[in-house]
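Working notes, structure below.
The values are calculated or read from the model by the stated rules, or taken from the named source; none is laboratory data. It should be emphasised that the depicted structure is a prediction, and the values quoted were computed from it without experimental measurement. Note that we place each Cβ from the backbone using ideal geometry, even for glycine, and neighbour counts take in every protein chain shown. For accessibility, only protein heavy atoms count, side chains too; no ligands or nucleic acids. Shrake-Rupley method; radii C 1.70, N 1.55, O 1.52, S 1.80 Å.
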Amino acid sequence: MKRLGFLLFLLFTLPTYAQLEEPLVGPLVATTPSQQDRILIHDLSNGSTRTLEFGYGEIHVWDFSPDGCRVLFTRDTDTARLPRLYTARLDGSDVQEMVIYEDEGVRGWGIWEPDWSPNGMIAFTMIRDFYYSDRTIHRDTHIGYIDGTAPAQPEFFSVTGREYTPIWSPDGSWLAYVSYDSRLPGDDVYSTAVPTPEGTPVPENIDEILLNEADLWVVSADGETKYRLTNFTTGSMHAPRWSPDGELIGFIFSPSPNNDTFWMIGNSPSALPTQLSGLWNLTLDHTWLPDSSAMLASVRDFRGVRENRLWRIPLIGNADDSATLYIEDDTFSHTDFPRFSSDGHYLAFRNEYSLVVIDTLNATWQRFDEEWLGNTPPVWSPTGFLGEANCNS
């Protein structure tokens, strides 16, 4: 461990941690390296690392079970490169494929972006490829779910086939997701097209010129209540993130691609979105501070700073003027994927593709994955994890 503010060369001199054979204690943070051939589980109790390998296929780790005793990951093993959903114990044993699906009309299917609810349900984006009559392929993406206790046939929350990015509220009672609509472009990014006169032939290149733009939806865990939270005339939102208290959803709104602004909205059918910044930037990823008082974002070209640094985004006022650097140390000037541990004690993020974990109470930090750089988010064990020794065999 080194104190924040030490020289940059110290970042590259910390040891690589060895395989841990004893039971994991936690908190745990899991990652996937750029090779996507294994899962690395780091134990913050002693700085050790366990490696899980599952054979052929690209792997992506997404979550832990509510008790922290299993990891949730996707793995692609077929020629279509469509990943399937699996869980395994923390030692890599008892691998189970969680989604069972058969449909003669489907050319191929896969699972992406799974999220394990604290109540046990697993929601995900289900990808299905269908043949048109001319043998071209059409792809649908729906928000599916299973109860998470055993392999099962999926059920679905969404209907249009253009939905992505499901994310559970902290108590598991609501699911937020993104749904896309298409429109013809106007004269600029803020304009819709002039209405087309009735009877006008559809352009042959209609699929090439249509803009696909997303809005935010929420659905209750029982599927009984569903409503649209945002309804932007133009532009597209992405990356919904629940505040830890479950009251707000932060998101990024882009009038045009890669021109990002910060927004938030309450979870209510009558809620109005609140804009937190106006000047365009490039937001790589964002999360919330553990007390829900502000968002934390990895942002490039923001407030005169070129590098992608970690910024505290306040919920009142204009972040273009009032956002502050969360870490002033120039050691961390190329950040991405900030994630707090479930108790808020630690902050993990990528810095130049390595994993950095900061102890927010003691202002110390560790660097992991020196030999296994990556570009995927870190995943923390939940508050319900009591150590591997307490997991059922």
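Some values worked out for this structure:
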{"item": "Share antiparallel - DSSP beta bridges, the chain, percent rounded to 5", "result": "95"}
{"item": "Gain on full stretching of the segment that runs from ILE316 to SER45 - 0.36 nm per residue minus C-alpha separation", "result": "93.9 nm"}
{"item": "Cα-based convex hull, the chain, per residue volume (Å³, whole number)", "result": "161"}
{"item": "Per-peptide average of other Cβ atoms within 10 Å, ordering 261-268, 94-101 highest first", "result": "261-268, 94-101"}
{"item": "Accessible surface of segment 260-393 [probe 1.4 Å, protein heavy atoms]: carbon and sulfur percent", "result": "50"}
{"item": "Most to least packed among 350-360, 369-379 [average Cβ atoms within 10 Å]", "result": "350-360, 369-379"}
{"item": "Taking the chain and dividing mean pair separation by its residue count, relative contact order in percent (alpha carbons under 8 Å, at least six apart)", "result": "14"}
{"item": "222 nm mean residue ellipticity, helices alone, for the chain (DSSP H n ≥ 4; -39,500 (n - 2.57); rounded to 500)", "result": "-500 deg cm²/dmol"}
{"item": "Residues of segment 36-144: accessible area per residue with a 1.4 Å probe, Å²", "result": "42"}
{"item": "Per-pair calculated FRET efficiency, R0 = 35 Å: THR233 and TYR101 via Cβ, rounded to 0.05", "result": "0.40"}
{"item": "Whole-number percent relative contact order across segment 246-393, with pairs defined as alpha carbons under 8 Å at least 6 apart", "result": "13"}
{"item": "Where labels lie 7 Å past Cα in the beta-carbon direction, separation of HIS334 and THR225 in nm", "result": "4.6"}
